[in-house]
Amino acid sequence: MNTPPVTADLLSTGQRVLARNYAPGKLGLVRGEGSRVFDGDGRDYIDLGTGISVTSFGHRHPEIEKAVRAQLDKLWHVSNLYYNEPAVKLAVELTETSFAERVFFCNSGSEATEAAIKLVRRAASATRAPQQRDILTFEGGFHGRTLAAVTATAQPKYHEGFEPLPGGFRYCPFNDLDALEQHFDGNVCAVLIEPVQGEGGIVPAAPGFLKRVRELCDANDAMMIVDEVQCGLLRTGKLWAHQWEDGVIPDVIPDVISDVASQSVSLSRRAVRGILKTFSSVRPSISRRTYSPIKSGSLLFWSPRR
Ligand SMILES: Cc1ncc(COP(=O)(O)O)c(C=O)c1O
């Protein structure tokens, strides 16, 4: 079948001017409405990809659109050198409905993971020798594409060509309690785990596994980072996926909120929060980002309490 003209033009121009970082399919999308996306030639598709699990509310949800427009009329970007109203309000929503005491906003899941890694390392640096700051992660997991996040991702195919990788990570088979006990010792300062492995094939943690991770973290004075970038925020039916296991309260959650605003005003693809319970215990300047009030404003339409 011949590719219709508008799509053909978009594909050939895209192939010429975009970095060959991705291998996009042969769709040239120009518009979205609810769960459907449209190409420039009027063909429509059901959006099962949802921006890789981020546009959970679909496209042009009226309440999100209203919130974006309202924020556009008020304040755009001011950096995090100042407090801004929507960021503070959103952080209140998140802390009042979660285990967390504080929220850190950044621009992507990788940055949220990176910030969590830096957070636990800095906290450990106050009390532990350098050889006692290992982070334990799980085979089949995925935590992002920055150098530390990709190293935390225990899949060799993502490491190839980026060596030498940062040190201090150890990898354990997922859902294997014996292996978990063997890989854990006093040199582990944190565990980074997805309650449901997304990229790894939608594999939930087996009953009891997260609980054992929590117990071992407590016994070894290590922190538990629960990566809910892909499975958090009601995607499994509870606000957080780790809540399916009784008695598991993490120390840190890097998480992504799907952010239609960022798409509509050409800002970054995702708005991210690392919910960092222990943030107050470490010095500032772990990370500084260009997080925008427009994003927080647009996210305020959503409340975990609704
Ligand atoms: C569990 C998990 N963590 C982190 C990331 C990285 O997020 P981002 O692509 O926004 O950097 C992803 C992305 O798919 C993910 O699934």
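The values are calculated or read from the model by the stated rules, or taken from the named source; none is laboratory data. None of the values given here were measured: they were computed from a predicted structure. So basically every Cβ, Gly included, is an ideal-geometry build from the backbone, and we count neighbours across all protein chains shown.
Some values worked out for this structure:
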| quantity | calculated |
| --- | --- |
| Boolean, GLY14 is part of a helix (DSSP H, G or I) and either within 24 Å of the chain's Cα centre (by Cα) or not polar (S, T, N, Q) (or both) | yes |
| Test for ILE135: is it hydrophobic (A, V, I, L, M, F, W, C) and within 16 Å of the ligand (Cβ to nearest atom) | yes |
| One residue from GLU181, GLU194 being in contact (Cβ under 8 Å) with a residue 12 or more places away in the chain, among the acidic types (Asp, Glu) and within 16 Å of the ligand (Cβ to nearest atom) | GLU194 |
| Hits in the range 74-110 - residues which are of a type outside the set (Gly, Ala, Ser), closer than 16 Å to LEU233 by Cβ and assigned to a helix (DSSP H, G or I) | LEU90, GLU93, LEU94, THR95, GLU96, THR97 |
| Spans of helices (runs of 4 or more DSSP H) in the range 115-184 with at least 1 residues farther than 25 Å from LYS211 by Cα | 147-152, 156-159 |
| Among (1) within 16 Å of the ligand (Cβ to nearest atom); (2) in contact with a strand residue (DSSP E or B) (Cβ under 6 Å, 6 or more places away or on another chain); (3) assigned to a helix (DSSP H, G or I) - the single one VAL229 does not satisfy | (3) |
| Checklist (1) outside the structural domain of PRO254 (by TED's automatic domain parsing); (2) surrounded by fewer than 20 Cβ atoms within 10 Å (Cβ to Cβ); (3) touching a Leu at 6+ places or on another chain (Cβ under 7 Å) applied to ARG102, failing item | (1) |
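Every residue, every condition in (1) crowded, with 22+ Cβ neighbours inside 10 Å; (2) under 23 Å from ASN21 (Cα atoms); (3) in contact with a strand residue (DSSP E or B) (Cβ under 8 Å, 6 or more places away or on another chain), yes or no:
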{"site": "ALA126", "(1), (2), (3)": "no, no, no"}
{"site": "ALA129", "(1), (2), (3)": "no, no, no"}
{"site": "GLN132", "(1), (2), (3)": "no, no, yes"}
{"site": "GLU139", "(1), (2), (3)": "no, no, yes"}
{"site": "PHE142", "(1), (2), (3)": "yes, yes, yes"}
{"site": "LEU147", "(1), (2), (3)": "no, yes, no"}
{"site": "PRO156", "(1), (2), (3)": "no, yes, no"}
{"site": "ASP178", "(1), (2), (3)": "no, no, no"}
